[in-house]
Amino acid sequence: MDFKKHSSMKIFFIGLLLAGLATSVSGQSKYIDRQGKATFFSSAPMEDIKAQNDQAVSIIDTESGEVVASMLMRSFNFRKALMEEHFNENYVESHKYPKASFKGKVTNIGEVDFSKDGKYTLVVSGEITLHGITRPLTLKANAVIRNGAIQAHAVFPLTVKDFEIEVPRLVINNIAEVVEVTVSFNYQKMNP
Amino acid sequence: MRSYITIVLLISSFFRVSGQEDLMDLVEKETEAESNYAEQTFKGTRLVNGHSIETRKKGVLDVIIGHRFGRLNSGGYELFGLDDSQARLGVDYGITDRLNAGVGRSSFEKTFDGFLKYKIVRQQNGGGRNVPLSVVALTSVALNTLKSTTPGNEPSFNSRLTYTYQAILARKFSPSFSFQLSPSWVHRNAVPQSQDPNDVYALGAGGRLKLSKRLSLNAEYYYQFNRPDGSLTQNSFAVGFDVETGGHVFQLHFTNSRAMIEKAFIAETTGDFFDGDIHFGFNISRTFQLHE
């Protein structure tokens, strides 16, 4: 047996192990919230409509800066049962497009030290998919890092028309053209 | 040697690719619906005359005003039936999402009615549970308060009562097509003619076809199994449209039945649809959220 070859084999196995270790270490940089809140608020001359989803799921990778979120449209709760029915049936068509999702990146990751408690502003840029339509979205989120948890909160506007959600003329005074969306997540370190 | 390098490179590149796509897959998996109930099998709690599978959600009050004009074949003097009209004023209330109660008053025989409606089974799929149809149980009672034409010969309270028991089985086949069957049993404490049965057994069948998001075509038919020979009654048939606006559902229809309660349209319809005994009518449903 060639001793030299044997040792180089060992080195490569060690290298492989290290590579595996590195990925499991990067797995430690993922933070998740399974019960995030997403609300939207529509203010129109005839009425204000507000709905909240308490089951939004989001993951942030503090190493790569990647942020993803997903939620079921049917999990939005409205004050009025009929509004909820109309929202699912006529507007977002939940039977065809059951989820809304976001995929993006923290662009100013260099300015944030996730290992240190403090307040930061995260600039997140990516794409939102709603009603089967994908649109670019950039938002600023306020983040508070404390005891290894990340609290993030963001408010951004969405234009109903951008997502090909039709609002009949009859209810044009009941539904705003631009709705205000608020998301807030309380990320905890994800178990590998 | 070179092959090891390749393997290591391959593996590390694999980890990198999976690391990027993983995140989206992870959240997608976390947001899988546990189960999806079929919502809005029909727009209204009535298909036309009869109940649909729909129940109002908890705390919702549904005010329903129903009108049936006279017969289309009554001629120009009667403005094709529009001079004459029957009405039912009623409310449905959602005690829970599944249990509804309602009361109403019809001008037809000055009848008061009350019902209880319970959704036993909800059609659903996903999450390992597949329930192909929804089932509702309905029981209603009607009290005829019409004064006797011969004074001093008032019928007893009991003989003024009629009960209806109905099971409704419905399936939403697609977002645009739903169908339901309603086996029904009408029990009359008293009957107008001796040959009329006290118990009438019938099967209702009805469906809707959505023509657009807010417009649907509905039809329903109730077949009586034990209609005596020579009976003046007919099977009830109705066809119409549902128009949904914000908080209202408008139902416009043509039917050979004048009344809007089970016992009357199932067992006491006298018009012959195909002979022109057609009543134009409408239901207006307006919901109010009383409790949140």
A:Thr134 - would you say it is away from every other protein chain (no Cβ under 14 Å) and of a type in the set (Ser, Thr, Tyr)? no
Across the stretch A:37-49, which residue is nearest to A:Phe78 (Cα to Cα) among those that are modelled with pLDDT under 95 and within 12 Å of chain B (Cβ to nearest Cβ)? A:Ile49
Applying the selection to the stretch A:57-89, what residues are within 8 Å of another protein chain (Cβ to nearest Cβ), free of Cβ contacts under 8 Å to residues at least 40 places away in the same chain, touching a Ser or Thr at 6+ places or on another chain (Cβ under 9 Å) and not in a loop (DSSP other than H, G, I, E, B)? A:Val57, A:Asp61, A:Val68, A:Ser70, A:Met71, A:Leu72, A:Arg74, A:Ala81, A:Leu82, A:Asn88
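Does the stretch A:132-152 include one or more residues that are of a type in the set (Val, Ile, Thr), in contact with a Ser or Thr (Cβ under 6 Å, 6 or more places away or on another chain) and under 21 Å from A:Val57 (Cα atoms)?
Yes, the stretch A:132-152 has at least one match.
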Consider B:Val91 carefully, then state whether it is out of contact with any Phe, Trp or Tyr (no Cβ under 9 Å at 6 or more places or on another chain), surrounded by fewer than 19 Cβ atoms within 10 Å (Cβ to Cβ) and of a type in the set (A, V, I, L, M). yes
Which of the residues spanning the stretch B:198-208 are part of a loop (DSSP other than H, G, I, E, B) and surrounded by 13 or more Cβ atoms within 10 Å (Cβ to Cβ)? none
I'm trying to understand the selection: among the residues of the stretch A:90-104, which are among the charged types (D, E, K, R) and part of a loop (DSSP other than H, G, I, E, B)? A:Glu93, A:Lys96
Odd one out for B:Val131 among (1) touching a residue at least 60 places away in the same chain (Cβ under 8 Å); (2) of a type outside the set (Lys, Arg); (3) away from chain A (no Cβ under 14 Å): (1)
Could you give me the residue pairs with C-beta distances under 7 Å whose first residue belongs to the stretch B:209-234 and is buried (at least 17 other Cβ atoms within 10 Å of the Cβ), whose second residue is among the acidic types (Asp, Glu) and in a loop (DSSP other than H, G, I, E, B) wherever it lies, and which are 6+ apart or on separate chains? B:Gln234/B:Asp272
Tell me, yes or no, whether the stretch B:156-166 has at least one residue that is among the aliphatic types (A, V, I, L, M), outside any loop (DSSP other than H, G, I, E, B) and at pLDDT 95 or above. yes
Within the stretch B:33-60, track down each residue that is of a type in the set (D, E, K, R) and modelled with pLDDT under 80. B:Glu34
State which residue is nearest to A:Ser29 (Cα to Cα) when the search covers only the stretch A:159-185 and only residues that are surrounded by fewer than 17 Cβ atoms within 10 Å (Cβ to Cβ) and more than 14 Å from every other protein chain (Cβ to nearest Cβ). A:Thr182
Out of everything in the stretch A:131-152 that is under 20 Å from A:Asn108 (Cβ atoms) and surrounded by 15 or more Cβ atoms within 10 Å (Cβ to Cβ), what residue ends up being farthest from the chain's Cα centre (by Cα)? A:Ile145
Considering only the stretch B:228-256, state which residues are under 25 Å from B:Tyr201 (Cβ atoms) and over 16 Å from the mean Cα position of the chain (by Cα). B:Pro228, B:Asp229, B:Gly230, B:Ser231, B:Leu232, B:Thr233, B:Gln234, B:Asn235, B:Asn256
Being in a loop (DSSP other than H, G, I, E, B) and within 30 Å of A:Phe87 (Cα to Cα) is the filter here; which residues of the stretch B:209-251 pass it? B:Lys213, B:Arg214, B:Thr245, B:Gly246, B:Gly247
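Please determine, by comparing only the residues of the stretch A:66-95 that are of a type in the set (Val, Ile, Thr) and touching a helix residue (DSSP H, G or I) at 6+ places or on another chain (Cβ under 6 Å), which one is surrounded by the fewest Cβ atoms within 10 Å (Cβ to Cβ).
This residue is A:Val92.
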Can you give me the ranges of the strands (runs of 3 or more DSSP E) entirely in the stretch A:124-192 with at least 2 residues that are touching an Asp or Glu at 6+ places or on another chain (Cβ under 6 Å)? A:133-146, A:178-189
Residue check, A:Ala154 under 30 Å from A:Pro45 (Cα atoms) and free of Cβ contacts under 8 Å to residues at least 12 places away in the same chain: no
Does B:Phe69 satisfy being more than 9 Å from chain A (Cβ to nearest Cβ) and modelled with pLDDT under 90? no
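The values are calculated or read from the model by the stated rules, or taken from the named source; none is laboratory data. Being a predicted model, the structure only gives us computed values, none of them experimental. Positions of Cβ are backbone-derived with ideal geometry, glycine not excepted, and every protein chain shown enters the neighbour counts.
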